[in-house]
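A short worksheet on the structure shown next.
What follows draws every value from the coordinates through simple rules; no lab data is involved. Treat the numbers as computed from the prediction; the structure is a model and nothing was measured. For neighbour counting, all protein chains shown are included, and Cβ atoms are generated from backbone atoms with ideal geometry for every residue, glycine included.
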Amino acid sequence: MRAQETRADQATHDQARVRPQKMSAAPAMLNSSGGTPSGALLQALRSAFPLFRTVPPQQIGQFLPRIAEVLRRVRTGLDSQGAQIALVGQTSAFDLGARGAGDAGVAGWVDPSAQDLMARLNPNHMKSEDLPSMDPGRGGPINLREDGEVAWYVIHEATHRFAGTLDYQYSSYDHELQEDAAQAGLAGALGQAAVADQDAEMLGRRVARDPATYTGQNGTARPLRQENWYAMGRRALMNADSYAHFVMTATGSPIPRG
């Protein structure tokens with residue numbers, strides 16, 4: 001059976017940590033941009049939603065209401081009286097909501113709705129660039145394992161629970177920060193000129209790609225993971241990890257070069 005323990009004090013702590021420090025600041029930055037983001041906000045948007053890398057700032061404004069609405073729903077949901085964050089252990093093989101939770105690297109999940117399960121009958125349902133509904137009828141707690149008890153995962157799973165996002169593609173954020181650090185180390189040891197070609201090749205992998213090349217499923221291994229991330233196109237606007245990536249980088253976490 002699925003071993004699940006809901007701790008009200010832990011849930012309250014996690015929500016409080018995410019809400020004032022992250023979930024208030026990011027929407028405020030969007031609202032104050034006047035529809036034309038710049039500076040740190042523009043950098044965070046282009047890092048989290050790669051389609052914006054080819055769009056002038058003044059044209060990004062048309063997409064900001066959707067991003068703001070997803071974040072509004074998340075904040076409202078986490079603020080709601082019945083919101084629960086469940087800390088979980090071993091899951092049951094018969095628990096459809098937790099299917100895949102035993103896979104390596106899975107730190108949290110939200111139980112799917114009947115609408116979700118019906119959509120999954122079509123193996124190509126994520127290949128479409130038509131964005132899913134923000135109201136898929138999901139319920140229940142946000143389930144987190146121990147390594148998921150951090151702001152990134154709370155935001156990611158909360159967008160699933162309260163705004164209907166999907167896992168089009170996990171972010172390459174951690175890998176790219178590691179690449180940046182390694183590249184800086186090489187440049188420091190050998191000189192920038194000696195690593196210029198390698199640097200250009202690295203940054204060349206971090207450009208928006210043709211959305212038609214997106215595979216239709218969340219790639220977990222590199223290079224597919226990174227290739228898919230940059231090929232999401234409009235799908236990124238309903239991609240859970242894009243919102244976690246955006247909120248964290250917009251509120252002070254380092255942004256990978258690009």
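What residues qualify as long-range amide H neighbours of R138, i.e. H under 5 Å apart, gap of 5 or more or another chain, H built at 1.01 Å from N?
Correct list: empty.
Calculate for the chain the 222 nm mean residue ellipticity that helices alone would give, adding -39,500 (n - 2.57) per DSSP H run of length 4 or more and normalising by residue count, nearest 500 deg cm²/dmol.
Calculated at 222 nm, the ellipticity per residue is -13000 deg cm²/dmol.
Using the basic label-point model (7 angstrom from Cα toward the beta carbon), what is the R234 to Q21 distance in nanometres?
3.6 nm
About the Cα centre, and with charges only on the beta carbon of Lys, Arg (+1) and Asp, Glu (-1), how big is the dipole of the chain? Nearest 20 debye, please.
Charge dipole of the chain: 560 debye, to the nearest 20.
So for each of 140-150, 110-120, 197-207, 45-55 I average, over its residues, the number of other beta carbons within 10 Å; can you give me the resulting order with the highest mean first?
Top to bottom by mean Cβ count within 10 Å: 45-55, 140-150, 110-120, 197-207.
Quick one: 3J(HN,Hα) in Hz for the range 205-212, Karplus 6.51/-1.76/1.60 with θ = phi - 60°, rounded, Gly and Pro as x.
After applying 6.51 cos²θ - 1.76 cosθ + 1.60, I find 7, 10, 10, 4, 10, 4, x, 5 Hz.
Could you derive backbone 3J(HN,Hα) for the range 141-154 from the dihedral phi with the Karplus parameters 6.51, -1.76 and 1.60 (θ = phi - 60°), listing whole Hz in sequence and x where the residue is Gly or Pro?
Values, residue by residue: x, 7, 9, 10, 7, 4, 6, x, 7, 9, 4, 3, 6, 4 Hz.
Per Stokes-Einstein, at 20 °C and 1.002 mPa s, what whole-number D in µm² s⁻¹ belongs to the chain, with the Kirkwood radius over Cα pairs as the hydrodynamic radius?
Reported coefficient: 112 µm²/s.
Using a 7 Å offset from the Cα along the Cα-to-Cβ direction at both L42 and Q62, what is the distance between the two label points in nm, to one decimal?
Label at L42, label at Q62, 1.9 nm between them.
Residue-wise, which Karplus ³J(HN,Hα) couplings in Hz belong to the range 165-180, taking 6.51 cos²θ - 1.76 cosθ + 1.60, θ = phi - 60°, and x for glycine or proline?
Each residue of the range 165-180 in turn: 5, 10, 9, 4, 6, 5, 5, 9, 3, 4, 4, 5, 5, 5, 4, 4 Hz.
Provide the packing ranking of 69-76, 29-36, i.e. peptides ordered by the mean count of other C-beta atoms within 10 Å per residue, highest first.
69-76, 29-36
Among V106, A44, Y173, pick out the residue whose Cα is farthest towards the positive end of the charge dipole of the chain, where Lys and Arg carry +1 and Asp and Glu carry -1 on C-beta, about the Cα centre.
Selected residue: A44.
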